[in-house]
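Working notes for the structure below.
The values are calculated or read from the model by the stated rules, or taken from the named source; none is laboratory data. Everything quoted here is computed from the prediction, not taken from an experiment. Methodologically, a virtual Cβ is constructed for each residue, glycine included, from the backbone with ideal geometry; neighbour enumeration extends over all protein chains shown. Heavy atoms of the whole protein, side chains included, go into the accessibility calculation; ligands, DNA and RNA do not. Shrake-Rupley method; radii C 1.70, N 1.55, O 1.52, S 1.80 Å.
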Amino acid sequence: MFCQQCEQTAKGTACTTMGVCGKNEEVADLQDLLIHATQGLCLYSDAARKKGITDSATSLFTCEAIFSTLTNVNFDPQRFVNMINKAVELREEMKAKSGASFTVPAATFTPAADLAGLVEQGKAVTLDTEEDKDLRSLKHITLFGLKGLAAYADHARILGQEDDSVYAYIDEAMTTILRDDLELNELVALVLKCGEVNLRAMELLDAGNTGKFGHPVPTAVPLGAKKGKAILVSGHDLQDLALILEQTEGKGITVYTHGEMLPCHGYPELKKYDHFYGHYGTAWQNQKKEFAEFPGAVIMTTNCIQDPKAYMDSIFTCGLVGWPGVTHLGDKDFSPAINKALAMDGFSEDSDKDSVMVGFARNAVLGVADKIIEAVKNKDIRHFFLVGGCDGAKPGRNYYTEFVEKVPEDCIVLTLACGKFRFFDKKLGDIGGIPRLLDVGQCNDSYSAIQIAVALAGAFECGVNDLPLSMIISWYEQKAVVILLTLLHLGIKDIRLGPTLPAFITPNVLNVLVENFNIMPITTADEDLKAILG
Ligand code: FSO
Ligand code: SF4
């Protein structure tokens, strides 16, 4: 196996025998083969689209297939076997519809009849046949960006929002990276286009979430627990949480959020349930301890899942998440998890552990834009910091805690995604009634943060780069990669990225990013604050 798609990659270079995330060689090979099979499907979907033929269900499958290979989504080999066969079946259907004929291996490959055969086939397919290291780096960035983009497109589609232009880019980019005649500049353009298309996918997702569940409103979320039976919901899927809340209503079960589900407490159509109570635990990398201690059932709606062997019988997966041996609730009937929660002890007593505020998405923040603009003009607010992105296990991530602790009192911190758990419970106070720590939402809500920045730039009649705003980004997996590409597409400069730079970016490609966007690695909290604020 050879995988270097996430920040956790072994020795900062690549996982070659076993993934640090828990992905074994068999699953890594099957993931590579699924990408290969999907590339064959994309070739024919692309050809069909050029003839005016599109198929939304096939495009959804393409997104799901790519999303399943994102870090910490699916570790179940059988699910990959099914998807590989389905990709080839759909490929043949699109071939017939398009009337096209391709001879490259991805377009002609026949899946082996058994798991062992498929794993062997997976070993033979890799992007790493590209000899030029810089071109390979750009192909990797495109593929990893596509994984994040596919995740956002899938989330949006679940909420009834889709746009064929997103699917068109996915089909085209998946097949473009098969080519070996591309110049560096063409691949740089493909990479930036991925960021552009992702902005549309995130816009669709924002429309889906706010259209269905309302605009988030500032809400205090208890960190303690209520005595009684309990279900913990992790991942990112609001629709799954809504179904869980509906199906648990009146059953004497309290529903808690974990990790990236925290911002769900701000949505009117979710917070209306009395049994939707509080938040339990912190970010994904702490789940082994937190899930083992939770006295109820746990439901993973999307990434990031880790090896659940210590609580196999009380954890459930749905959507694209999978772990071999874990009960998968494929049909959105959550009864097995509900019955498990009812059979478990639940919390033995109420506990009060303070609360955190969520719900500062674009509607809430821009609702007080006048106040914010006035505070900036009066110099009550000196600077905004967007400290957002993923959390992870690296000790260097303490930087983000220290950074927020050291941000001067006349500055505001906007945050999103699971990186916030490094500082989400800090009491930073307010500036004239504007909280100094504003939780914009999940990584899936990056569109909201971008809209806030764009609106402020409009109000000050300047560009986003001219605002007193600095972006301090932490990355872990491929959704963070595509969000970064979106920021680059928007021309955002001076982004500080950590905890380390991606292993798949070569020095020459990094130079292109530095020259055009002045992207830079984080250093220390003190040095970076001094460089930004002077
Ligand atoms: Fe975190 Fe995991 Fe949301 Fe990522 S839970 S690390 S960017 O998958 O998705 O922020
Ligand atoms: Fe390694 Fe990350 Fe790939 Fe897992 S996803 S195998 S940790 S590089």
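The table below gives the values:
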quantity	calculated
Accessible surface ranking that places the most exposed of Thr254, Thr129 first, with a 1.4 angstrom probe	Thr129, Thr254
Apportionment of accessible area to carbon and sulfur, the chain, percent (1.4 Å)	51 percent
Nitroxide proxy distance, nm - points 7 Å out along Cα→Cβ at Lys227 and Asn398	4.0 nm
Residue (of Cys318, Phe504, Thr103) at the positive-pole extreme of the chain, dipole from beta-carbon charges	Cys318
Positive minus negative residues near Leu245 (Lys, Arg vs Asp, Glu; Cβ under 12 Å)	-2
Inter-probe distance in nm under a simple model that places probes 7 Å from Cα toward Cβ, at Asn82 and Asn378	5.9 nm
Sites Leu533 and Met18 - FRET efficiency at Förster radius 45 Å, r taken between beta-carbons, to 0.05	0.55
Label zone at Phe2, where the point sits 7 Å out along the Cα-to-Cβ direction: segment 128-147 residues whose backbone N lies under 19 Å	128-145
Solvent-accessible heavy-atom area per residue, rounded to whole Å², over segment 10-211 at 1.4 Å	38 Å²
Helical segments meeting 24 Å axial Cα length and Kyte-Doolittle -0.5 threshold in the chain (DSSP H)	25-50, 133-158, 184-213
Peptides 456-464, 162-170 ordered by average Cβ neighbours within 10 Å, highest first	162-170, 456-464
Cα-centre dipole for segment 219-343 with unit charges at Cβ (Lys and Arg positive, Asp and Glu negative), debye to 20	380 debye
Amide H contacts under 5 Å for Thr257, placed H, 5+ residues apart	Val233, Gly278, His279, Tyr280
Charge sum, other residues only, whose C-beta stays under 11 Å from Val321's C-beta, Lys/Arg counted +1 and Asp/Glu -1	-2
Value of relative contact order over the chain, rounded to a whole percent, pairs C-alpha under 8 Å and six or more apart	17 percent
Equivalent ellipsoid semi-axes, segment 10-211, via Cα gyration tensor eigenvalues times 5, rooted, Å	24, 20, 19
Entries in Lys97/Lys133; Lys11/Lys309; Lys147/Lys271; Lys251/Lys272 that, when Cα-Cα distance is taken, lie over 27 Å	Lys97/Lys133; Lys147/Lys271
Heavy-atom accessible area per residue - segment 360-533, 1.4 Å, Å²	38 Å²
Simple label model, 7 Å out from Cα along Cβ direction - Glu246 to Ile434, nm	3.9 nm
Ranked packing of 88-99, 298-309, 441-452, 215-226, most packed first, by mean Cβ within 10 Å	441-452, 298-309, 215-226, 88-99
The chain, helix-only ellipticity at 222 nm - DSSP H runs n ≥ 4, -39,500 (n - 2.57), divided by all residues, nearest 500	-14500 deg cm²/dmol
DSSP-loop GluC sites (Glu not before Pro) across segment 335-409, with at most 16 other Cβ within 10 angstrom	Glu349, Glu409
Segment 175-248 and segment 72-125: distance between their alpha carbon centers, rounded to Å	27 Å
Cα-centred dipole magnitude for the chain, charges only on beta-carbon of K, R (+1) and D, E (-1), debye, nearest 20	560 debye
Cβ charges +1 (Lys, Arg) and -1 (Asp, Glu), total dipole of segment 10-211, debye	180 debye
Sites Asp132 and Ala343 - FRET efficiency at Förster radius 60 Å, r taken between beta-carbons, to 0.05	0.55
By accessible area with a 1.4 Å probe, ligands and nucleic acids excluded, highest first: order of Glu293, Glu131	Glu131, Glu293
Cut-off 15 Å, label 7 Å out along Cα→Cβ of Asn516, residues of segment 202-246 by amide N	none
Against the rule of thumb 2.2 N^0.38 Å, how large the Cα Rg of the chain comes out	0.95
